[in-house]
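The values are calculated or read from the model by the stated rules, or taken from the named source; none is laboratory data. Keep in mind that this is a model prediction, so the values were computed, not measured. No Cβ is skipped: glycine too gets one built from the backbone with ideal geometry, and neighbour counts run over all protein chains shown. Only protein heavy atoms, including side chains, enter the accessible area calculation; ligands, DNA and RNA are left aside. Shrake-Rupley method; radii C 1.70, N 1.55, O 1.52, S 1.80 Å.
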Amino acid sequence: MRQADLGRDGSASTIGMARWLEDARIRLRLHRFERLIGEQGFGPFQILLVGQRVSRLAPAGPVGTRVQVHTGVRRVGRSSVTFGQEVMVGDERVGSGDATVVLAGNSGPLPLPDELIADLDEMQLPEAGVAGRPAATRPRPERLHRAHYAYWAPLRSRIGDVDSNQHVNFIALATWYDEAVAAFTVDSIGTTARGPVPDLPPWSYEIQYLGEVTYPGDYEVALTVRSFDTGSVHYELGVFRGSTCLGVADAIGPRGELRASHLPLPPAEL
């Protein structure tokens, strides 16, 4: 575990765990598929992340703690694959997640080659299969419209956020959602000049990527509250450029000092 993985409470943050999941997926060896690419039998293509979930289930730390990420395949589709992952510290399950990726060419999604399917079959989780767990449903239509949201945090993309696909990396986008929640809690609770900033980052995210976020660009992260109880808040968020929604996220985090009057429900819930 690295210092950069820690949140303000001294244990791994949800974003830190998302980085571990990404690192583990990148290290997967797909020998048949890699050989096919080496022989120029497939391509050109891109691997695009279209959705991910990450949950921080228990505190993990301090720096130097040995962490293991277990990765398998939950679902194989015509052009996509969903990986399931667990984060372990010793025998304790401290995090979990999944990620759906699509193979895409210049004209859209590409059918998975037989060599890749054979590699993925060897990684199937016990409960998985070609049908497997249902794919994530598309966002409700209102989630794509500005009127659904009650709070807005402006953000500008940075050159350091851009990855090899020439758009803003999905981990960078996850930090944008964290930033919006933090801005909302600060504006709602308030803070004094010397007082601490409220530390209420989400425990879990479910994110869907709908379009490319690029550099340079000025964006807004929209937020509204789906529901809340005595201990937690369920946020709905979206990334917008003008009127275009480029991604949505559901997040659940601690309520802390947020009062009911701080927590605007979407128009449909009023």
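The phi-based Karplus calculation (6.51 cos²θ - 1.76 cosθ + 1.60; θ = phi - 60°) puts the 3J(HN,Hα) values of region 238-254 at x, 9, 10, 10, x, 9, 8, 8, 9, x, 9, 8, 10, 9, 10, x, x Hz, whole numbers, x for Gly and Pro.
Based on protein heavy atoms only, region 136-177 ends up with 57 Å² per residue of surface accessible to a 1.4 Å probe.
Would you mind working out the accessible area per residue for region 1-58, using a 1.4 Å probe, and quoting it in Å²? Intermediate results must be reported in sequence, preceding the final value.
On the way: 3270 Å² over 58 residues.
Counting only protein heavy atoms, the per-residue value for region 1-58 is 56 Å².
For a paramagnetic label modelled on Ser243 (point 7 Å from Cα along Cα→Cβ), amide N atoms under 17 Å away belong, within region 135-165, to 141-149.
When peptides 98-107, 46-55 are ranked by their average number of other Cβ atoms within 10 Å per residue, the highest-first order is 46-55, 98-107. Full extension of the segment from Ile159 to Asp121, taken as 0.36 nm per residue of separation minus the current Cα-Cα distance, would add 9.9 nm. Net length available on complete extension from Met88 to Asp23 is 22.0 nm, with 0.36 nm assigned per residue and the Cα-Cα distance removed.
Using a probe of 1.4 angstrom, how much of the accessible area of the chain is carbon and sulfur, in percent? Here carbon and sulfur together make up 52 percent of the probe-accessible area. Stretching Leu265 away from Asp218 to a fully extended chain increases their span by 14.3 nm, per 0.36 nm per residue minus the current alpha-carbon distance. Just one of [x] 141; [y] 156; [z] 118 is volume of the Cα convex hull per residue in Å³ as worked out from the coordinates here. Which one is it? The listed entry that was calculated here is [y].
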